[in-house]
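The values are calculated or read from the model by the stated rules, or taken from the named source; none is laboratory data. This is a predicted model, so every value here is computed, not measured. Here the Cβ positions follow ideal geometry from the backbone for every residue, glycine too, while neighbour counts run over all protein chains shown.
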Amino acid sequence: MGKLVVLELEGSLSEDGFRVRLQMGEDGKRPNIQLSGDLPSEPNLAQLVESHWIDKYRPLGLPNTRGIKPKGIKYDGVLSRIKECKESGDRLCDRLNQWLSSPDFRAIDLQIREALNPTDPDPIRLILRTTCNELQKLPWHNWQLLSKYPNAEVSFSDLDFRRSDPLSTTPPGKVRILAILGHQDRIDTTEDQQILNSLPNAQVTFLTEPKRAQINDQLWEQPWDILFFAGHSETEGDTGKIYINPDEYLTIDDIWYGLRKSVAQGLKLAIFNSCDGLGLAQRLDDAQIPQMIVMRDYVPDRVAQKFLTSFLLNFSQGYSFEVAVREAREKLQGLEDQIPCATWLPVIWQHPDYISPTWDDLVGQSKWSFVSWKSSKIQIGIILATCLGLTSYFAFRPQIATYLNRVGVDYIRKDQYHRAITYLQSAIIVNPQQSSAINNLGSIYERWGENDLALTMYRRAKLLGDAWGCKGEALIYMKDKKFIRASELQRVCLQQIIASDTQSPLGEYLIRKDLGISLLHKKSFSAMKQQDYLEAEDHLRIAIDIKPQEGVANCVLAQVLEAKGKSNKALEQWDFCVEFAQDEYPDEAEWIKMGKMRLEESGEN
């Protein structure tokens, strides 16, 4: 069960400040921690956030945005304006963290840190309940506290809400999606359509540039799980508008009764992949739609499509809703050289009473259909097992999954990867907690160079508390030369494997060895670099104690000692490196060659 952290902030940023109330506990249960505090008024922060979006972000004139095109924008000096926007964003984040370090708020900050565990694989929902528009525009995901909790994501809710009635249920089998593709001027929603069509166990109904009556009829006539909109939208004052065709726009009030009917019939999620959606979210909240994803401001096609692809892939692969949103949002950082603050745009808005569903919950059935069955023998075997005795089948699911995983590994060793995938996917279907099968599937994707898919699998295993999944994710960061991110994650992996009931000496060796490599290559300031070398040496010596004849850790330790200026002490490690390391991988071959050269130069060989 995940954790729920609710911060109620009542007041104003510019004038009176905020009375803050913290509630924390297990998601779906009564809070077991309650605490009050204050945040002072901060007029400069209110001015900064307004200026950032209006004066720095919107004048970028980003192409193909899903909003009404701003007037009076000059299109010269693009690089200069991008730089100014980035600098404005940095100032805003610094001021936000200074404000959140206020003395009267410190007790709440410390209570959150004490109650949450950064290595806990369960998702953390942090809901900010406020009516202050400036707070909703702030980049809360850059709060320094949240950097320690990779499974936490911020969402918003109103201060006032009604207790929700249980959602009605409908026959299981498909995730029913009503997808409205609105006015197409200057944007391309074909990729949105392709993404939705590729989802497993989804039944999508598309309305392209529809009339108001068509939307209303669909909301009334059948139940939906997800309402999706792609197109132009904007907020005027507190009113959100969606442009559904070249001649019409809708406010939420225009389809209010249809939305309420749809919620009563089971609508669980609304996604508005369009511009400036905070006004939409505030009004949709009144309709008690349990969860929404909107965009804070103008959103270019590239951002909207990349976010949607990553989110739906993660969500449909088994990630929790919050983690799927966070990772998809953070992935937008790769666009921020051209689209500053892209990671700031996606926002969750949700009903405080509602527990986030998984994709499986939306499907509402057994997870069998998540795999395209390629092996009739497996399919027939499982059908027989189910028909002959459900009780026995469910009792032996872990053993069946272990067997399927073992067969998959055998095919990996034979380089028959497509067959391996069939068995590994089957193992995951039978037992979704079979983290070793998830890891093995990730390793195949990694061999094929499909690092995004590999990361999805490794992260899913990591969320199950599997240190091997954690290690796999960190290794991909190492291959991408992201050594800072790799080292931070490897420390978490190490804690996981040491705390594991089935502690693996080989696993600890590999993680400590990899951490030593990351620290060796990590870019740091000179004073910090010496600390990195000390930490690397400690991990590598422990790794060598665990596996004295593996050799690779000796190769890395030799390089660390040389970097510390201890060339003579490094010679002994080079000797072990040359003797024990295997010439199997490019790095090892290079290290062995380097070791022989060092030993020849010293006269020891």
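For the reader, a short list of remarks on this structure follows.
- Residue in the stretch 364-373 that is of a type in the set (D, E, K, R), closer than 30 Å to Val325 by Cα, surrounded by 19 or more Cβ atoms within 10 Å (Cβ to Cβ) and at pLDDT below 90 present: no
- Residue in the stretch 396-410 that is farthest from the chain's Cα centre (by Cα), counting only those that are within 14 Å of Gln433 (Cα to Cα) and of a type in the set (A, V, I, L, M): Ile400
- Failed condition for Ser36, given (1) modelled with pLDDT of 90 or more; (2) hydroxyl-bearing (Ser, Thr, Tyr); (3) in a helix (DSSP H, G or I): (3)
- Failed criterion for Tyr477 (all others in (1) over 22 Å from Glu550 (Cα atoms); (2) crowded, with 24+ Cβ neighbours inside 10 Å hold): (2)
- Criterion: surrounded by 14 or more Cβ atoms within 10 Å (Cβ to Cβ), at pLDDT below 95, assigned to a loop (DSSP other than H, G, I, E, B) and out of contact with any Phe, Trp or Tyr (no Cβ under 7 Å at 6 or more places or on another chain) - qualifying residue of Ile82, Ile68: Ile68
- Residue in the stretch 483-492 that is within 17 Å of the chain's Cα centre (by Cα), closer than 26 Å to Val407 by Cβ and assigned to a helix (DSSP H, G or I) present: no
- Condition check for Gly279: at pLDDT below 90, part of a helix (DSSP H, G or I) and either of a type outside the set (A, V, I, L, M, F, W, C) or assigned by TED's automatic domain parsing to the domain that holds Thr65 (or both): yes
- Qualifying residue in the stretch 454-465 (condition: modelled with pLDDT under 90, β-branched (Val, Ile, Thr) and not assigned by TED's automatic domain parsing to the domain that holds Asp415): no
- For the stretch 222-275, a residue qualifies if it is in contact with a Gly (Cβ under 6 Å, 6 or more places away or on another chain), surrounded by fewer than 24 Cβ atoms within 10 Å (Cβ to Cβ) and of a type in the set (Val, Ile, Thr), and the qualifying residues are Thr235, Thr239.
- In the stretch 527-549, the residue that is surrounded by the fewest Cβ atoms within 10 Å (Cβ to Cβ) out of those that are at pLDDT 90 or above and hydrophobic (A, V, I, L, M, F, W, C) is Leu534.
- Of all residues in the stretch 18-28, those being touching a residue at least 24 places away in the same chain (Cβ under 8 Å) and surrounded by fewer than 19 Cβ atoms within 10 Å (Cβ to Cβ) number 3.
- Scan of the stretch 176-216 for residues that are free of Cβ contacts under 8 Å to residues at least 12 places away in the same chain and more than 26 Å from the chain's Cα centre (by Cα), ordered by number: Ala213, Gln214
- Condition check for Gly334: of a type outside the set (A, V, I, L, M, F, W, C) and within 22 Å of Pro210 (Cα to Cα): no
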